[in-house]
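One structure below.
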Amino acid sequence: MNISVIISTYNSPKWLEKVLWGLERQTHRQFEVIISDDGSSIETEQFIKKFSQFSFFKIKHVWQKDNGFRKCEIINKAIILAKEDYLIFLDGDCIPRKDFIFEHINQARSNTFLTGSFIRLPMMISTLIDREIILNQECFEWNWLIKNGLHKNRKNSKLKIKQCLVPLFNKISPARTNFKGGNASAWKKDLLKINGFDHRMAWGGEDRELGERLKNSGVKGRHVRYSAIIVHLDHSRNYADPHQVEKNKLLRLDVEKNKLQRTSFGIDKIKHEDIQVLE
């Protein structure tokens, strides 16, 4: 099964490099990577060109001019460009464990999207992680993380669960199956049916709103919280706007209340000539 992995990024080439090293370590190696870049400077473009020279996977870098937070629009452009039928979504600050893609493929089902979670790392560990640590997979080991400053809590303890119990924990998880854009997967045809992400939404629940429309269209959510593991690198969030978050919430509540399946502000608003792929 071939896969398109869509990675969102904005002016974080050092973190993006760590994510790509995580993909270099994947056990399932039949995939393309589409980097959806919401207006990064030339530094990111130069890094991607350099990394592409030795990477085993093909990288497409789709870019748009920096005009505020337009993640939904750039991801929709990446969805259009994706050549494979099944899409995995990953943020440019989330390093995937070596079995990440395999787990998404292994649990893919028709009329279903998959949603995972992440281990949030403090800045100290985020900075410490390098290529060797990623390739050796130490950054996914409980003892290594605790030794280097990760807090022991319920959310982080998913790394300690025995492999034989992982399917059970995925099944009985009390968490809602909200679509999480940093660790999720879905069939391209299902995303096209609902017209992709809603361009009206800036940061704050834009992925959850898409998940609600998927559910309204008959696509059920399923957990991979305990199997598709990623670690989330620390960073500032100067783009967070409480007023926009509230607007996003109202849009989502309208989707839930009226059982809306398709947005009028999505993929079909994009012209192919407006999709810029950097070579």
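Within the chain, the longest segment free of exposed loop sites, counting chymotrypsin sites (Phe, Trp or Tyr not before Pro) that fall outside DSSP classes H, G, I, E and B and have at most 13 other Cβ atoms within 10 Å, spans 57-279. Contact order for the chain, expressed relative to its length and based on alpha carbon pairs under 8 Å spaced 6+ residues apart, stands at 26 percent. Picking from 169, 69, 117, whose Cα lies most toward the positive end of the charge dipole for the chain (charges on Cβ: Lys, Arg +1; Asp, Glu -1)? Positive-end residue among those listed: 169.
Residue separation of residue 80 and residue 148 scaled by 0.36 nm, minus their Cα-Cα distance, works out to 20.4 nm of gained length. If we count every other residue with Cβ under 12 angstrom of residue 112's Cβ, Lys/Arg +1 and Asp/Glu -1, where does the sum land? Computed value for this residue: +3. Around the amide H of residue 113, modelled in the peptide plane, lie the amide H atoms of 220, 221, 222, all under 5 Å away and 5 or more residues distant in sequence or on another chain. For the pair the range 161-235 / the range 262-279, the C-alpha centres are spaced 22 Å from each other.
Only aspartates and glutamates eight or more places from residue 171 in sequence, or on another chain, were considered; those with a Cα closer than 17 Å are 103.
Straight-line cross-link reach from residue 259 at under 23 Å between alpha-carbon atoms covers these lysines, not counting any fewer than eight positions away in the same chain: 180, 188, 189, 193, 215, 220, 247, 249, 269. Applying a DSSP loop filter and a limit of 16 other Cβ atoms within 10 Å to the GluC sites (Glu not before Pro) in the range 22-57 leaves nothing.
Among DSSP bridges having both ends in the chain, what percentage is antiparallel? Round to the nearest 5. Of the beta bridges lying entirely in the chain, close to 35 percent run antiparallel. Please work out how much length the chain gains when fully extended from residue 235 to residue 256, using 0.36 nm per residue of separation minus the C-alpha to C-alpha distance, in nm with one decimal. Additional length available on full extension: 4.4 nm. What shape does the chain take by its C-alpha gyration tensor, where a ≥ b ≥ c are the square roots of the eigenvalues and a/c under 1.5 counts as rounded, a/b above b/c as prolate, and the rest as oblate? It is rounded, given that a/c, with a ≥ b ≥ c, falls under 1.5. Per-residue extension of 0.36 nm, minus the Cα-Cα distance of residue 46 and residue 276, leaves a gain of 81.2 nm for this segment.
The numbers here are math on the coordinates, done by the rules we state, and not lab data. Quick caveat: nothing in here was measured; it's all calculated off a predicted structure. Note that we place each Cβ from the backbone using ideal geometry, even for glycine, and neighbour counts take in every protein chain shown.
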